[in-house]
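Encoded as structure tokens, the structure appears first; notes follow it.
The values are calculated or read from the model by the stated rules, or taken from the named source; none is laboratory data. Nothing here was measured: the structure is a model prediction, and the numbers come from that model. Cβ: placed from backbone, ideal geometry, glycine included. Neighbour counts: every protein chain shown.
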Ligand code: ADP
């Protein structure tokens, strides 16, 4: 799916967040310690190499909703923006914390004059956030922020499964 929203190119596709060659920044669904972990963090740390954890260590721990930036090392990108999503049922208010991840990631991207950024589905793996609700929150926040973006021109959601891709596409369709 490709759409244009407030002058920003928005795309949803099925894929691996560690293989987004044409994006300047990729977002990590990080853990508080900014360490390896499973899912998205595992894929990104494996592809980036051990320097990624070394670069994150001085900034750890981060809080739910927060986003911090590092280099991307052996990844095909320039930056990794690490977000800590809320653990569903523990970190509250969960929707606001999840939206803060997307808002703060875009803020970091603007600070670094980044033009293109790829997001995974933050919090919907190990952190247990139901995908439909997470997709709706993510899409609303990105849409609201898209009005204010100056350097970011392209935003991509990279979903691991066909089902999750459908849910994010549906969330974009329901927005308008
Ligand atoms: P969290 O801890 O924030 O829940 P996870 O990494 O466990 O983050 O999962 C977030 C989502 O990313 C899940 O929907 C999971 O299926 C998906 N995912 C896992 N690995 C990848 C990958 N390599 N690329 C894109 N998405 C992935």
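Looking at this structure, is residue 10 at pLDDT 95 or above and within 16 Å of the ligand (Cβ to nearest atom)?
no
Residues that are in contact with a helix residue (DSSP H, G or I) (Cβ under 9 Å, 6 or more places away or on another chain) and within 13 Å of the ligand (Cβ to nearest atom): find the helices (runs of 4 or more DSSP H) completely inside region 21-134 holding 2 or more of those. Steps first, answer last, please.
Working: elements: 39-48, 51-56, 94-111.
Because the criterion is at least 2 residues that are in contact with a helix residue (DSSP H, G or I) (Cβ under 9 Å, 6 or more places away or on another chain) and within 13 Å of the ligand (Cβ to nearest atom), the helices (runs of 4 or more DSSP H) in region 21-134 that meet it are 39-48, 94-111.
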Flag for residue 76 being within 24 Å of residue 48 (Cα to Cα) and surrounded by 16 or more Cβ atoms within 10 Å (Cβ to Cβ): no
Evaluation of residue 4 against (1) more than 11 Å from the ligand (Cβ to nearest atom); (2) buried (at least 21 other Cβ atoms within 10 Å of the Cβ); (3) part of a strand (DSSP E or B) (one fails), failing number: (2)
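Criterion first (under 22 Å from residue 32 (Cβ atoms) and either away from the ligand (no atom under 15 Å from the Cβ) or under 12 Å from the mean Cα position of the chain (by Cα) (or both)) does residue 141 satisfy it? First the steps, then the outcome.
Details: under 22 Å from residue 32 (Cβ atoms): yes; either away from the ligand (no atom under 15 Å from the Cβ) or under 12 Å from the mean Cα position of the chain (by Cα) (or both): yes.
Considered against the rule, which asks whether it is under 22 Å from residue 32 (Cβ atoms) and either away from the ligand (no atom under 15 Å from the Cβ) or under 12 Å from the mean Cα position of the chain (by Cα) (or both), residue 141 comes out as yes.
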Qualifying residue in region 150-159 (condition: part of a loop (DSSP other than H, G, I, E, B), at pLDDT 95 or above and out of contact with any helix residue (DSSP H, G or I) (no Cβ under 9 Å at 6 or more places or on another chain)): yes
